[in-house]
Amino acid sequence: MFLFRWLWKNMQGCRAIYIVALFMTVICQSMYIITPYFTQQITDTFIINENATQNLQEHSDLLIQMLIAMVGFTLIRGIIQYSGNLMYEHSSQKLIYNVRKVLFDNIEKQDAQFYNFYRTGDIMTRVSGDIEMVRHSIAWIIKTMLECVVLFTVSLVFFFSIDWLMALCLISLTPVIMFITWLFRRKVGPMYVNLREKLSTMNTAAEENISGNRVIKAFAREDYEIERFDVHSKDYSTANKNAAFMWLKFFPYLEITAQALSVVMLVCGGLFIISGRITFGEYTAFAGLIWTLSNPMRTLGNIVNDLQRFTASANKIIEIYYGSPRILDRSDAVDRPERFKGSVEFDHVSFSYGDTKVLDDVSFTIDPGQTVVIMGETGSGKTTLIDLIPRIYDVESGEVRVDGINVVNLKLEQLRGNIGVATQDVLLYSDTIDGNISFGNTSMPEEDVYKVARAADADGFIRRLSDGYDTIVGERGVGLSGGQKQRISLARALAVKPAILILDDTTSAVDLETEKHIQDALNSLDFPCTKIIIAQRISTSRNADKIIVLKNGKIAEQGTHDELIHQGGYYSEVYELQK
């Protein structure tokens with residue numbers, strides 16, 4: 001019942017239409033007994049009655065009225081059914097719009113741990129195929145369930161009104177149908193959960209191959225990846241077949257039981273006519289509505305089949321729908337609408353990924369406007385350290401303070417709005433270069449876009465492109481070199497005029513001349529800015545106000561260029577290698 005309450009919650013804005021559609025379904029299915037009723041009256045009055053000829057002569061107008069009524073009610077039923085289907089479709093589309101909106105909003109607000117846990121292909125499956133299955137439940141499953149229940153119930157009432165014993169004979173097989181359906185539901189439920197997982201794995205493999213196609217080509221691994229995807233595809237196909245074959249395994253029993261109704265109808269109906277218990281017209285009414293008992297029985301298996309699919313898909317959606325990020329604004333968060341000054345302080349900060357200690361008792365202070373370089377071996381915790389400032393992750397112990405306030409006490413939007421980040425692994429959107437640079441401030445004037453591009457030494461190569469700043473960047477920046485993408489990323493970070501600028505090895509793919517130009521531009525920004533730079537080049541760190549060297553998650557060295565050279569540690573070794 002929880003799933004249906006969840007559906008009802010997300011049908012806000014179309015509930016009235018859906019209720020009307022349900023009522024129309026009830027009316028439409030109830031009208032199916034009208035034609036058999038008139039058939040019974042016509043048969044008993046104008047065909048087999050001993051005064052049939054006289055009745056036909058004296059009451060021909062009644063016969064015509066009955067025939068017109070049969071045709072009229074059939075047309076009305078068709079109109080009601082068509083109108084109801086339109087309403088079901090409207091409601092289901094509104095439902096998936098509401099669900100997809102909440103789902104995507106929730107995905108966007110999740111923290112980094114969420115993306116570490118869920119695969120991209122799995123998320124895509126939830127916002128596409130799983131949502132479509134939910135739409136199908138509203139547009140078809142619930143509608144069909146209601147049709148079956150109403151049709152079966154109304155027909156049963158009509159049958160009992162004619163002859164209770166004949167009605168009991170016809171429903172004698174219902175318990176058998178229910179038992180077969182119960183067995184089928186028990187068997188097929190886990191299969192659809194497994195099927196859903198196989199689909200998610202296959203989609204993940206496809207997404208990784210599409211996004212990583214250049215790496216695949218570079219290593220000539222096309223055939224290997226084709227074979228690997230084929231394995232996932234076969235697994236999904238096998239799971240699909242197993243679920244389908246399980247339905248086919250039970251289908252003959254359901255079909256035989258449903259068809260047995262016709263045998264019961266012939267045997268019992270024939271005996272009751274001979275004994276005079278029912279008239280031939282009443283038998284005709286039973287025969288005309290026998291399908292209203294057999295069809296719901298046949299459909300019951302399909303409904304259970306689709307309900308299992310719906311349950312598997314809905315549970316996957318709800319898992320994210322109600323999932324809440326761990327990193328949120330506190331109820332007593334400090335309101336700082338003004339621009340931050342840019343001071344940063346780490347006070348005995350520790351952080352772990354699971355059981356792996358990444359940062360251990362790290363403490364340092366950065367004053368507003370200072371340029372600080374973070375150095376260290378691969379895996380020393382540099383990127384994790386800067387991720388703690390905008391609260392991509394939260395500390396395990398200790399405090400990270402910005403402008404003297406613990407970042408967990410600041411509003412996320414205000415905190416992150418004062419921080420500009422440019423990473424080594426650049427993500428550019430399928431948009432114009434202008435759109436990518438102004439991503440953090442879409443209302444910025446064109447002149448400001450050009451200005452930050454010049455500061456990132458990107459203006460020259462951008463203007464040489466076919467459409468300049470209006471050049472459409474391919475997915476993930478395809479068509480641009482690593483250095484060009486890094487410079488656009490830097491321009492994007494500068495465009496928001498951040499109080500704190502974080503550069504994660506942003507100039508690693510540019511030449512020394514370009515790096516020198518970028519450094520000069522960063523030193524002469526027209527707005528106050530604290531710069532925190534992860535770098536491995538001495539040319540970047542030489543003029544920094546402070547250099548912090550990390551080793552195994554701890555601060556191994558801290559000081560200026562000259563101070564660290566004289567200490568003879570890691571920094572000095574790097575300096576000697578790069579001289």
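Considering only residues that are of a type outside the set (K, R) and assigned to a loop (DSSP other than H, G, I, E, B), which ones fall in region 408-431?
Hits for region 408-431 are N418, T423, Q424, D425, V426, L427, L428, Y429, S430, D431.
Restricting attention to region 526-579, which residues are assigned to a loop (DSSP other than H, G, I, E, B), under 25 Å from L494 (Cα atoms) and open to solvent by less than 20 Å² (accessible area, probe 1.4 Å)?
C529, A535, A544
Scanning region 273-283 for residues that are open to solvent by 30 Å² or more (accessible area, probe 1.4 Å) and in a helix (DSSP H, G or I), which turns out nearest to S161 (Cα to Cα)?
Among residues in region 273-283 that are open to solvent by 30 Å² or more (accessible area, probe 1.4 Å) and in a helix (DSSP H, G or I), the one nearest to S161 (Cα to Cα) is E282.
If the Cβ limit is 7 Å and pairs must be 6+ apart or interchain, which residue in region 421-435 that is within 19 Å of R454 (Cα to Cα) and touching a residue at least 40 places away in the same chain (Cβ under 8 Å) pairs with which residue that is among the aliphatic types (A, V, I, L, M) and open to solvent by 20 Å² or more (accessible area, probe 1.4 Å)?
Once the first residue is within 19 Å of R454 (Cα to Cα) and touching a residue at least 40 places away in the same chain (Cβ under 8 Å) and sits in region 421-435, its partners that are among the aliphatic types (A, V, I, L, M) and open to solvent by 20 Å² or more (accessible area, probe 1.4 Å) give T432/I472.
Yes or no, residue by residue, for (1) open to solvent by 30 Å² or more (accessible area, probe 1.4 Å); (2) under 24 Å from L289 (Cα atoms):
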position	(1), (2)
V150	no, yes
S172	yes, yes
I180	no, yes
R186	yes, no
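How many residues are open to solvent by 40 Å² or more (accessible area, probe 1.4 Å), in contact with a strand residue (DSSP E or B) (Cβ under 8 Å, 6 or more places away or on another chain) and more than 30 Å from D332 (Cα to Cα) when one looks only at region 405-458?
Final tally of qualifying residues: 4.
State yes or no: is R100 within 26 Å of T201 (Cβ to Cβ), in contact (Cβ under 8 Å) with a residue 24 or more places away in the chain, among the basic types (K, R) and outside any loop (DSSP other than H, G, I, E, B)?
It is true that R100 is within 26 Å of T201 (Cβ to Cβ), in contact (Cβ under 8 Å) with a residue 24 or more places away in the chain, among the basic types (K, R) and outside any loop (DSSP other than H, G, I, E, B).
I need the full set of residues from region 325-345 which are without any contact (Cβ under 8 Å) to a residue 60 or more places away in the chain and either polar (S, T, N, Q) or more than 24 Å from G398 (Cβ to Cβ) (or both), in order please. I'd like the intermediate steps shown before the answer.
The initial filter retains those residues of region 325-345 that are without any contact (Cβ under 8 Å) to a residue 60 or more places away in the chain, namely 331, 338, 345.
Selection gives S331, E338.
Rundown of residues vs (1) open to solvent by 60 Å² or more (accessible area, probe 1.4 Å); (2) more than 30 Å from E396 (Cα to Cα), yes/no style:
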{"position": "A69", "(1), (2)": "no, yes"}
{"position": "M87", "(1), (2)": "no, yes"}
{"position": "L103", "(1), (2)": "no, no"}
{"position": "Q110", "(1), (2)": "no, no"}
{"position": "M124", "(1), (2)": "yes, yes"}
{"position": "I131", "(1), (2)": "no, yes"}
{"position": "L165", "(1), (2)": "no, yes"}
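Per-residue answers, yes or no, for (1) of a type outside the set (D, E, K, R); (2) in contact with a Lys or Arg (Cβ under 6 Å, 6 or more places away or on another chain); (3) at pLDDT 90 or above; (4) closer than 21 Å to G559 by Cβ:
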| site | (1), (2), (3), (4) |
| --- | --- |
| H348 | yes, no, yes, yes |
| G354 | yes, no, no, no |
| V362 | yes, no, yes, yes |
| I366 | yes, no, yes, yes |
| Q370 | yes, no, yes, yes |
| I386 | yes, no, yes, yes |
| P390 | yes, yes, yes, no |
| R401 | no, no, yes, no |
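Which one of these does E255 not meet: (1) under 33 Å from the mean Cα position of the chain (by Cα); (2) open to solvent by 40 Å² or more (accessible area, probe 1.4 Å)?
(1)
Given the conditions (1) open to solvent by 50 Å² or more (accessible area, probe 1.4 Å); (2) assigned to a helix (DSSP H, G or I), and given that G13 satisfies all but one, which numbered condition is not satisfied?
(2)
Under the condition of being part of a strand (DSSP E or B) and in contact with a Leu (Cβ under 8 Å, 6 or more places away or on another chain), which residue from region 363-399 is most open to solvent (accessible area, probe 1.4 Å)?
This residue is T371.
Please go through region 284-293 and give me each residue that is closer than 23 Å to T181 by Cα and either part of a helix (DSSP H, G or I) or acidic (D, E) (or both), ordered by number.
L289, W291, T292, L293
Among the helices (runs of 4 or more DSSP H) contained in region 131-223, which hold 3 or more residues that are touching a Ser or Thr at 6+ places or on another chain (Cβ under 8 Å)?
131-136, 142-162, 174-211
For I141, indicate whether it is modelled with pLDDT of 85 or more and under 22 Å from the mean Cα position of the chain (by Cα).
Yes; evaluated as a whole, the condition is true for this residue.
Would you point out which residue out of K198, K241 is in contact with an Asp or Glu (Cβ under 8 Å, 6 or more places away or on another chain), closer than 30 Å to Y253 by Cβ, open to solvent by 60 Å² or more (accessible area, probe 1.4 Å) and not β-branched (V, I, T)?
The unique qualifying residue is K198.
I'm told Q308 meets every condition in (1) crowded, with 17+ Cβ neighbours inside 10 Å; (2) over 30 Å from L165 (Cβ atoms); (3) out of contact with any Gly (no Cβ under 7 Å at 6 or more places or on another chain) except one. Can you identify the failing condition by its number?
(3)
The values are calculated or read from the model by the stated rules, or taken from the named source; none is laboratory data. Everything quoted here is computed from the prediction, not taken from an experiment. With ideal geometry, Cβ positions are generated from the backbone for all residues, glycine too; neighbour counts draw on all protein chains shown. These area figures cover heavy atoms from the full protein model, side chains too; ligands, DNA and RNA do not enter into them. Shrake-Rupley method; radii C 1.70, N 1.55, O 1.52, S 1.80 Å.
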